[in-house]
1. Relative to the first principal axis of the alpha-carbon coordinates of chain A, what is the inclination of helix A:194-205, with its axis defined by its Cα atoms, in degrees from 0 to 90 and to the nearest 10?
2. Which percent, to the nearest 5, of DSSP beta bridges fully inside the range A:207-371 are antiparallel?
3. In nm, what does the list of distances from A:Lys115 to its counterparts in the other copies look like, shortest first, when each label sits 7 Å along Cα to Cβ?
4. Counting alpha carbon pairs within less than 8 Å and at least 6 residues apart, what relative contact order, in whole percent, applies to the range B:207-371?
5. Cross-link partners among lysines for B:Lys210, C-alpha distance below 21 Å, same-chain residues fewer than 8 apart left out?
6. Rounded if a/c is under 1.5, else prolate if a/b beats b/c, else oblate: with a ≥ b ≥ c from the C-alpha gyration tensor eigenvalues square-rooted, which is chain B?
7. Sort shortest first the distances from A:Asp186 to its counterpart in every other copy, using label points 7 Å along the Cα-to-beta-carbon line, and give them in nm.
8. Placing unit charges on C-beta atoms (Lys and Arg positive, Asp and Glu negative, everything else neutral), compute the dipole magnitude of the range A:8-73 about its Cα centre in debye, rounded to 20.
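The values are calculated or read from the model by the stated rules, or taken from the named source; none is laboratory data. Remember, it's a predicted structure, so these values are computed and weren't measured experimentally. Here Cβ is always computed from backbone atoms with ideal geometry, including for glycine, and neighbour counts include all displayed protein chains. Protein only, heavy atoms only, side chains kept; ligands, DNA and RNA dropped before computing areas. Shrake-Rupley method; radii C 1.70, N 1.55, O 1.52, S 1.80 Å.
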2 protein chains.
Amino acid sequence: MDQVPGTPSLLRAINDRTALQLLSEQGPLTRARLGALTGLSKPTATQLMDRLEAAGLVEALPGEGRTARLYRVRPGAAYVAGIDVTPARLRVRLCDLTGEIIAETSLATPRREVKDAVDRVREALTEACAAAGITVPQLNRVVIGLGGAPDPQTGRIRYAPHLPGWHDPNLPARLRSELTGQNEPDPAVDVENDVNLAAIAEQSLGVTRKGAPLECRDFAVLWIGDGIGAAIVIDGRLHRGYTGGAGELGYMPVSGQPLTRNIRRNVNGGFQSIGGAPAVLKLARSKGFSGSDAATAVRRAAEAGPLGTPLLQELAERLAVGLAPLVAVIDPELIVLTGAMLQAGGEPLRELMTAALHDIVIPRPKLVLSELAEAPVLAGAIESALAQTKQELFDNTRRGNR
Amino acid sequence: MDQVPGTPSLLRAINDRTALQLLSEQGPLTRARLGALTGLSKPTATQLMDRLEAAGLVEALPGEGRTARLYRVRPGAAYVAGIDVTPARLRVRLCDLTGEIIAETSLATPRREVKDAVDRVREALTEACAAAGITVPQLNRVVIGLGGAPDPQTGRIRYAPHLPGWHDPNLPARLRSELTGQNEPDPAVDVENDVNLAAIAEQSLGVTRKGAPLECRDFAVLWIGDGIGAAIVIDGRLHRGYTGGAGELGYMPVSGQPLTRNIRRNVNGGFQSIGGAPAVLKLARSKGFSGSDAATAVRRAAEAGPLGTPLLQELAERLAVGLAPLVAVIDPELIVLTGAMLQAGGEPLRELMTAALHDIVIPRPKLVLSELAEAPVLAGAIESALAQTKQELFDNTRRGNR
DNA sequence: CGAAAAGTAAGGAAACTTTCCTTATTAGAG
DNA sequence: CTCTAATAAGGAAAGTTTCCTTACTTTTCG
């Protein structure tokens, strides 16, 4: 039920909101242009800008004399951080409200030392903030991506046996309260599955973004790197699932493999036992391709022309078998392929996978390679943090001015 | 982007809309009560009622003198029809705008006579309308449910080999233009998958409805009767998939079965070859239960106590194998079981399925039997038609009064 | 110098709120 | 049983908020 009555002040809230949205999407705008885009009249647009400027969310670009003044979102109105957690290290990226990167650092995980996750996050953030010339309490939101899925009910992180130090059941609460000193504001902290963040990145910056030739609001992302995972976007929104486990295909039973029972105890079986890195590395060796890891071996096969086809064909068929249930269940318009192994397989693997998939299920989604070569998880974390932050700033403006 | 500028008349549209929503959800209301529910003041609520009454959408209940007048949605402001298409017959239900059933008829399909689908729909609707004392052009919307999936792009019906006469590629267009005479308005016609309609019925009237103990906005419906199908509701909205094939699990490859290639030619294999009616009937016979159809055999097993357990256990394990990919992909909060065979299996089968499913996938959704014993597809068709019709009436009011 | 664009001011329209008044019903006291 | 006071409904008038239109001034640029 809409508890919000349609009172006139609701209008201003709506208009302020769309104005800020437009400013952050389309860059600097004049008052007149903003009026045209929102559908509001010139005087109203002026009032609106004055309000937003007074609230500190918007600033005028320095202009000479009485030329049309350009306004933009004030970069320093908020800062956000994205963190990509892998077993080897924590990568941190800091951005201002416009999405400009203001610092990027990396904190390696020392061998054999299992440090508390909260301490490591604090350390990493402090270092990055120092590099950017701001402080941790100035951050509005921190989004942490990792190879696991936080349960929305409990906050506990599941599916992440490879990340020691991240299984404290109070982790979400502690991250929200122990990052800063006593009297300083705490940034909001979200923990999110890394593949989900990659999907957010695809939707705001990648192949499915607005305006791209493959723009779409219903798609899946298949990530195969060290692990296997999928993310699902439905109607433009990420679908996490009730326990946060949507798209966790690694343990899903697949055709051609014997059924694994007592799944919570058995770590083998399911899709990962035919498509996971160890299985693929073994397959590659049996087909005559070697490498230190599966992605390397696959890359060699993809670059070997016809010689690599037997390996790629077998791999494509295995992956299609894992993708088939996803296609039958949600019938996506598009599946974006990413992660080290799929990137390594490149176009040859993509083509073979498409053919193999279309042979075993009835819907025929397009398969495309991700174009986000560089740090999709970090990019998604930043996008997610910015989206949330903007939302909050809009709402605060509204409340403050009522 | 919101192209609608936040002009004051937008407010009235919003308020009119929520008012009608409240009236149709909560039954007759006084002006004062409506004001309280919407958060609007008394005078505004009065104006609003006057507008809606003038537009013919609302009427005052006859009241004596100066007691508080009760207003309700005017039943005759719109009529809708739902049709459940099965190979044996067409069932038609007619309702007024308040959802009251005003007629219900059935049209048997003559043997060996493949009549055009449009003709049969027209015939069925004409008969039902005559019984209700209205005419076909008075219908605002007709929703047709059948065991197949219309492709949203093309409108063609797929996955429905059992319905001859329904494969005309122009069917959607013809249904929209050939049901009435030349100068009469045509009702809007939607063709929808029957399991999807059952899911809509669950959400508005069944176990997941608002206020029910198991209310939820993310769930799946598993339907096993003559065929196998699933429907997926995410964030309260039905997910149909890009080609309309979401939840078509029948042809999905499953663990323990050999992979079926060239799926568009081969009609065997996949989930239906272990969980479909013929396979289950065969299984039942091998376990000593007979019956004219699979549901009957399963019912006997469910009523046989421990004697039936071997059959039910095997059946539960098969169905769990088919459900596992759905759970791994979307991680629903709840799965509603319905359709003749699952209803026949009842609580014993549900329990065994729950245990079998929890043994092979990590998320543990609740499995519940549908409580909609009577014609869920028809109920869903009516609900769907009413929802759409209300939407349209609201918008018309807005436009008309602007 | 004149036209176009940007900013500003004033008056008006649409929607909602608050406040007050009248009228009818209802409950309780005599 | 009758009268009176409280309560609730309906309605009218005045005031707010938000936006729009129109008209005017200032500045830039051809």
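1. Around 50 degrees separate the two axes.
2. Among the beta bridges of the range A:207-371, antiparallel pairing accounts for roughly 50 percent.
3. 7.9
4. 22
5. B:Lys366, B:Lys390
6. prolate
7. Nearest to farthest, the other copies are at 6.0 nm.
8. 180
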